[in-house]
Amino acid sequence: MHYLGYKSPKQIPAILKAADLLLITYSLHYENVMYSSPLKLIEAMASGTPIITADLPGARHLLSEAEAYFYQPDNPVSLQAAIQAAIDYPGEARMKAQRAFMRVAEFDWQKRVAKIIAFSNQ
């Protein structure tokens, strides 16, 4: 694991793509975590890099086990198992990443705005 410090927004896509795994962490101890918008998860999906994320409604709205590895928030044993699965089965991890990459197009800003407008016009 490497801590890179501050990076400009323009550098982020290349960094995410160069990583072996992307870990999206959340804790149930944070207020409103159950209702947060997982924009970092969408960026991760667009990278084509295998994803490990907390098993929360926001993540499940975007992904399933076919596209990512999930761990139970605040459970280090669950987190370790998800990381180990991604390391032990690199072919499966790459396939999940490819599926997540294909799925991310559903969540671009134009499509999201269109869904909001359609919902508000009901």
HN-Hα J in Hz across region 43-48 - Karplus 6.51, -1.76, 1.60, θ = phi - 60°, x for Gly and Pro: 4, 4, 4, 6, 7, x
For the chain, what does the accessible surface come to per residue with a 1.4 Å probe? Please give it in Å². 69 Å²
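Compute the length gained on full extension between Ile87 and Phe119: take 0.36 nm times their separation in residues and subtract their Cα-Cα distance, giving the result in nm to one decimal.
Details: separation 32, 0.36 × 32 = 11.52 nm, distance 4.09 nm.
7.4 nm is the gain from fully extending Ile87 to Phe119.
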Karplus couplings for region 110-121 from phi (6.51 cos²θ - 1.76 cosθ + 1.60, θ = phi - 60°), rounded to Hz, Gly and Pro as x? 4, 5, 5, 5, 4, 5, 5, 5, 4, 5, 6, 8
How far apart, in nm, are the 7 Å Cα→Cβ label points at Asp108 and Ala19? 2.4 nm
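Kindly rank 75-81, 45-51 from highest to lowest mean number of other beta carbons found within 10 Å of each residue.
Details: 75-81: 13.0, 45-51: 22.3.
Packing order, densest peptide first, comes out as 45-51, 75-81.
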Carbon + sulfur, % of accessible area of the chain - ligands and nucleic acids excluded, 1.4 Å: 61 percent
Neighbour cut-off at most 10 other Cβ (10 Å), DSSP loop, GluC sites (Glu not before Pro), region 60-113: Glu65
Amide H within-cut-off set for Ala54, under 5 Å, with H built and near neighbours excluded: Ile24, Tyr26, Tyr71
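Restricting to DSSP H runs of at least four residues, report the calculated mean residue ellipticity at 222 nm for the chain, -39500 (n - 2.57) per run over all residues, nearest 500 deg cm²/dmol. Don't skip to the end; give the middle numbers.
On the way: 6 runs with 61 residues, N = 122.
Using -39500 (n - 2.57) per qualifying helix, the result is -15000 deg cm²/dmol.
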At 7 Å along the Cα-to-beta-carbon direction for both Ser8 and Gln80, put a label point, then send me their distance in nm to one decimal. 4.1 nm
Angle in degrees between helix 76-88 and the longest Cα principal axis of the chain, rounded to the nearest 10: 80 degrees
With a 1.4 Å probe and all protein chains in place, put Tyr26, Tyr6 in order of accessible area, largest first. Tyr6, Tyr26
Provide the three semi-axes, in whole Å and in decreasing order, of the ellipsoid equivalent to the chain as defined by the square roots of 5 times the Cα gyration tensor eigenvalues. 24, 18, 16
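The values are calculated or read from the model by the stated rules, or taken from the named source; none is laboratory data. A quick note: this is a predicted structure, and the numbers were derived from the prediction, not measured. Using ideal geometry, Cβ is built from the backbone for each residue, glycine included, and neighbour counts are taken over all protein chains shown. SASA here: full protein model, heavy atoms, side chains in, ligands and nucleic acids out. Shrake-Rupley method; radii C 1.70, N 1.55, O 1.52, S 1.80 Å.
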